[in-house]
Amino acid sequence: MLKRKTVLCCLFFVAFYLTGCSDADKPLNVNLSKSAPLKREEMFSTRRSLRVGIAKMAAIKQNRDYYIDLINYIGKKLNTEVIIIGKENYNELNSLLKGGEVDAAFIGSGPYIDGHDAFGLEPLVMPQVAGQAAYQVYIIVPANSPAKDLKDLRGKVFGFSEPESNMGKFVLEYLLAGMKERPETFFTKYVYTHGQEVSVKAVADNKIDGASVSSYVWEYINKKDPGLASRTRVIWKSESYASPPFVVRPGLFPELKNKLESILLGADIDPEGSRILRCLIIEKFVPARDEAFDKIRAIKAGLINSGGE
């Protein structure tokens, strides 16, 4: 039974969407950092509804409202009420997916692997950006920093977005392990920012000396808020990793799962769907397969074997 925790639970009926994507657009504004009590009857109701989860980490401030638009678009296509459940982190969201309190969710690659391997979480689709359903990890520093590579950040203060994030921590831990180092030994201090846009801003404001963020987040900010991005500088880029997937809980009705997949795979050729994707700077969604995440899985296994977790 779900204990009485505070989560954001908003019942949305799909509304009318504006066309195009500009500053004039007014996406549905939902504050995922605030919450309301979630009633038992809302979570276990027999009413026909779709419960979609999104962690605060899954979207950044600049695009979060468009993710809400996308979830409502799914509801419209299904002709179904949508309950949007926001959580602060991926671990909390995975718990809801495991217990069946959430049907589907936007989730990070690392937490997806945890959920898949622990209780059978299923990947459905993943976003394609710039021709690839993949992202890189960027190490960024303040624009005025003399640092040219990771070695120059020895003894500095570094920002990770979240403990269970591939883009936010695992890759950097793995990189340091190859140098016979750990975050505790390499940096004077490291902090968790609990948000990639928070990491970018902290670096830009010289509050931390460096951070690891996904290429998607940094490039999105660079396009939407170039003034902020210009106060940071990318000094290292990783190889490519599978994009964070849209997942469904184990046991979801096959018919509903197939409809969800069809809606998202066809969003780029639908007027409303394509507008939302443009706002998210996503070209389209493509099918997600578990084996696409084996590279990240190997990194996690390597960290465990080296004592990094």
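Hey, does the range 296-306 have a residue that's among the hydroxyl-bearing types (Ser, Thr, Tyr) and modelled with pLDDT under 95? Yes; the residues of the range 296-306 include at least one that is among the hydroxyl-bearing types (Ser, Thr, Tyr) and modelled with pLDDT under 95. When the range 189-226 is limited to residues that are among the β-branched types (Val, Ile, Thr) and free of Cβ contacts under 8 Å to residues at least 40 places away in the same chain, the one that is farthest from GLU88 (Cα to Cα) turns out to be VAL191.
Within the range 85-102, the set of residues being buried (at least 23 other Cβ atoms within 10 Å of the Cβ) and either of a type outside the set (Gly, Ala, Ser) or at pLDDT 95 or above (or both) comprises ILE85, LYS87, TYR90, LEU93, ASN94, LEU97, VAL102.
Restricting attention to the range 217-229, does a residue exist that is crowded, with 16+ Cβ neighbours inside 10 Å, modelled with pLDDT of 95 or more and farther than 23 Å from GLN62 by Cα? Scanning the range 217-229, I find no residue that is crowded, with 16+ Cβ neighbours inside 10 Å, modelled with pLDDT of 95 or more and farther than 23 Å from GLN62 by Cα, so the answer is no. Looking only at residues in the range 121-165 that are touching a helix residue (DSSP H, G or I) at 6+ places or on another chain (Cβ under 7 Å) and charged (D, E, K, R), the one that is modelled with the lowest pLDDT is GLU164. Total residues in the range 102-134 satisfying the condition of being among the hydroxyl-bearing types (Ser, Thr, Tyr) and out of contact with any Leu (no Cβ under 8 Å at 6 or more places or on another chain): the figure is 1. The number of residues in the range 182-202 being part of a loop (DSSP other than H, G, I, E, B), in contact with a helix residue (DSSP H, G or I) (Cβ under 9 Å, 6 or more places away or on another chain) and modelled with pLDDT of 95 or more comes to 1. Of the helices (runs of 4 or more DSSP H) lying entirely inside the range 203-297, the ones with 2 or more residues being over 30 Å from THR188 (Cβ atoms) and of a type in the set (D, E, K, R) are found at 215-224, 254-265, 271-280.
The values are calculated or read from the model by the stated rules, or taken from the named source; none is laboratory data. Computed from a predicted structure; not experimentally measured. FYI the Cβ positions are ideal-geometry reconstructions off the backbone, even for glycines, and counts take in every protein chain you see.
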